[in-house]
Amino acid sequence: MLELEHIKKEYDGVTILNDINLQINDGEIVSILGPSGCGKTTLLNLILGLVEADGGKIIFNGKDITYTPMEKRGFNIVFQDYALFPNLNVIKNIRYGLKNKPGISSEKEINDLIELLGLKEHLNKKIEQLSGGQKQRVALARTLVMKPKILLLDEPLSALDGVIKESIKAKIREIAREYHLTTVIVTHDPEEALTLSNHVMIINKGNISQFGTPDEIVNTPKNEFVEKFILQQLEIKRNNIYTLFESPELITGVGA
Ligand SMILES: Nc1ncnc2c1ncn2[C@@H]1O[C@H](COP(=O)(O)OP(=O)(O)OP(=O)(O)O)[C@@H](O)[C@H]1O
Ligand SMILES: [Mg+2]
């Protein structure tokens, strides 16, 4: 179990995270949801160990890891821009981290992961030859071969849309289930958070606005911010979809 207790973070005297309390059970997918600049990436980096808290505690399986260095925590992150090595092909990217920790995944485990993520036919391709969704799957594979104790994903779906987005969502769910891997996902998109996770944490102005299951958040929003943020965002999406249906030329590009 991962626990955050009264986490505080300031930058240049400005409070970014005020009093964050959170418990994540093993194997759960939790989304951190909130508007741009609300501190989502900062919170993910705090869990990772890249950023140090100014107050509060981080506890993992009963052990205080607040001041444990990043490499000793054994968590791993997939950054929003994938951060793949452009000069290496797909399989070399996937195997890169194993140079420092050989044997952490067996050959069979590596092959199973490649199979699960549908990357078999792309292994010898250069990164520039891949689509966004394929790059995202390589980034996931590269992280997962290192067997992280917790998987952290910063806006993993924001560069994707439509079918590709749904397929990566399904992969993330499958991985969490298959490997019983605790997964924390940062997103600013309520639809993503509500459809992907067991629990959603909504942050506003450095505080938790609501923490609950997708069902609780949709049916019993705790305050006006949650209601507005969720409903407005979903409404914008719905309107866009209506616009598309009402103007089929936007979909086909050739008129109705
Ligand atoms: N290293 C830093 N030094 C100073 N201020 C920072 C630093 N990193 C982040 N901030 C500030 O902290 C606030 C929260 O940033 P953060 O990146 O966590 O937001 P976010 O919720 O991830 O936003 P977005 O959705 O746009 O990615 C912002 O106001 C940002 O300017
Ligand atoms: Mg961010």
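The values are calculated or read from the model by the stated rules, or taken from the named source; none is laboratory data. These figures come from a predicted structure and were not determined experimentally. Note that we place each Cβ from the backbone using ideal geometry, even for glycine, and neighbour counts take in every protein chain shown.
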Do you know which of the residues in the stretch 28-40 that are within 9 Å of ligand 2 (Cβ to nearest atom) and surrounded by fewer than 21 Cβ atoms within 10 Å (Cβ to Cβ) is farthest from Ala193 (Cα to Cα)? Gly37
Only one of Lys72, Lys101 is more than 16 Å from ligand 1 (Cβ to nearest atom), exposed (fewer than 14 other Cβ atoms within 10 Å of the Cβ), outside any loop (DSSP other than H, G, I, E, B) and at pLDDT below 95. Can you tell me which? Lys72
Look through the stretch 12-54, keep the residues that are without any contact (Cβ under 8 Å) to a residue 24 or more places away in the chain and part of a strand (DSSP E or B), and return whichever of them is nearest to Asn204 (Cα to Cα). Val14
Please note which strands (runs of 3 or more DSSP E) are completely contained in the stretch 139-239 and include at least 3 residues that are among the aliphatic types (A, V, I, L, M) and within 16 Å of ligand 2 (Cβ to nearest atom). 182-187, 199-204
Checking Lys9 against (1) touching a residue at least 12 places away in the same chain (Cβ under 8 Å); (2) surrounded by fewer than 14 Cβ atoms within 10 Å (Cβ to Cβ); (3) more than 17 Å from Phe75 (Cα to Cα), which test does it fail? (2)
Filtered residue count, the stretch 173-187, keeping only those that are more than 11 Å from the chain's Cα centre (by Cα) and within 16 Å of ligand 1 (Cβ to nearest atom): 0
Hey, among Asn25, Asn61, which residue is of a type outside the set (A, V, I, L, M, F, W, C), under 15 Å from Val184 (Cβ atoms), surrounded by fewer than 14 Cβ atoms within 10 Å (Cβ to Cβ) and more than 15 Å from ligand 2 (Cβ to nearest atom)? Asn25
